[in-house]
Structures are given as structure tokens and as C-alpha cells.
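Take a look at the structure below.
The values are calculated or read from the model by the stated rules, or taken from the named source; none is laboratory data. Computed from a predicted model, the values in this text were never measured in an experiment. Cβ atoms come from the backbone with ideal geometry, glycine included; neighbour counts cover every protein chain shown. We work out accessible area using only protein heavy atoms, side chains counted, and drop any ligands, DNA or RNA first. Shrake-Rupley method; radii C 1.70, N 1.55, O 1.52, S 1.80 Å.
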Amino acid sequence: MPYYAWLDEKKDKRAIEGLLALKKGLGADDGVPPRTVQDTLLLATWNLREFGKSKCGYREKESLAYIAEVISRFDLVAIQEVREDLSMLRQLKDLLGGWWKPLYTDVTEGPQGNCERLAFLYDARKLQFSGLAGEIVIPPVPRGNKSYDPARQLARTPYLVGFQAGWFKFTICTVHILYGEDKPDHPERVREIQMSGALLPEGAKGFG
């Protein structure tokens with residue numbers, strides 16, 4: 001359960017009421033099973049737009065509290081659009097508690113990378129990091145005579161991580177596909193979706 005030490009009964013009435021309403025809304029009727037020690041493993045994915053100290057990415061304490069409250073309903077959450085500045089992610093982790101651990105990539109360079117990282121937040125009381133973590137790249141394309149051409153990479157490099165919950169070992173991958181609200185079937189978006197599926201190792205689960 002997140003801890004909001006900064007809340008003041010008089011100054012933060014709106015935040016307190018909002019958190020209480022959110023807790024109620026995230027109850028047994030929200031379709032998500034309750035967290036248990038052994039019987040469930042709850043996974044989620046969340047694109048926290050420009051999550052960092054950027055023009056749109058800064059979050060006030062109240063907003064961070066709402067985000068923490070939602071994440072606390074799960075055991076493992078993949079987060080997209082974490083920016084170069086990790087201060088927001090660190091503040092979020094502190095709200096969740098010392099048993100929550102982050103894993104994240106380097107910043108993807110280039111204009112399409114948008115100075116973004118991919119990240120996981122997980123409850124270390126439930127999950128153990130296996131030690132496997134890596135960014136997935138597309139291998140070079142053979143062109144004959146033992147020479148190769150560089151392959152065209154995804155705009156944001158997918159992130160693959162291994163975990164263990166009790167006896168269950170698994171590998172999970174998160175990727176941030178090119179945005180396509182105006183044209184969801186844009187050829188570049190479709191290409192990235194197809195490539196992401198092809199790159200996943202057998203048995204891996206993907207989050208995007």
C-alpha cells in the first residue's frame with residue numbers, strides 16, 4: 001500500500017477525497033483479481049506520457065499519488081515513455097515503498113526515440129529479478145560474400161527482462177510501438193508490430 005506522508009487533512013482535502021474514491025473504484029468490482037501471496041500474479045502495462053521533467057512530463061504530488069495507487073494493484077507493471085530524467089520514476093517508487101524495484105533501459109537516441117526509456121516496476125516481495133535483462137535489436141541483413149547490411153531498427157528499442165515468482169520463471173518484453181491514432185494501420189506502425197512479434201523469444205510475453 002502506498003504511503004502519502006505529505007498529505008495534510010486541511011490543505012489536501014481534494015487529494016484525500018480523490019485517493020479514497022480511487023481506492024474504492026479499484027476494489028473487487030473493477031475486474032482485476034485481488035492481490036494474493038501465492039494464487040495470483042497481476043501484470044499491467046501503462047504508457048505514462050512523457051514521464052519525467054519535460055514540458056508535459058512533470059507530475060505534481062497529487063498526480064503521482066494517483067499513479068502509485070493504480071500501480072499498487074499489480075505485482076509487475078511495464079511503463080512506456082519514461083524520459084531521460086528519472087526523478088519522476090524515483091518519486092513514484094518511493095511512494096510505492098522500499099520493496100518496489102525499478103528496471104529501465106538507456107535512452108533511445110535519435111528523433112524517433114524521443115529521449116525515452118522503457119521500464120518495469122515490480123514488487124520484490126512477490127517477484128525476483130532473474131538477472132536477465134537486455135534491449136532487443138534486429139540482426140544485420142546478409143547480402144552475400146560474408147557481408148551484411150545494417151538492419152532497420154524499431155524507433156524505441158524493446159526491453160526484455162526475466163523474473164521468477166515462486167516456482168514460475170518467465171521472460172517478459174515491453175515495446176513502445178510508433179504512435180498511430182490518426183492512421184492506426186500506417187505501414188511503419190504495422191512493420192514495428194510485426195517485427196516485435198517476430199523478435200520475441202519462444203515463451204516470452206510481450207507488453208506494448
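Take Ile16: with every protein chain present and a 1.4 Å probe, its accessible area is about 50 Å². Over the range 1-132, what percent of the accessible surface lies on carbon and sulfur atoms, probe 1.4 Å? Summing carbon and sulfur atoms, their accessible area is 52 percent of the total for the range 1-132. Of the peptides 99-107, 162-170, 82-90, 117-125, the ranking by mean beta-carbon count within 10 Å, highest at the top, reads 117-125, 82-90, 99-107, 162-170. Among Cys115, Cys173, the order of accessible area from largest down is Cys115, Cys173, computed with a 1.4 Å probe on protein heavy atoms. Taking every protein chain into account, the accessible area of the range 1-84 amounts to 62 square angstrom per residue (probe 1.4 Å). By the compact-protein rule of thumb, 2.2 N^0.38 Å, the alpha-carbon radius of gyration of the range 1-120 corresponds to a ratio of 1.12.
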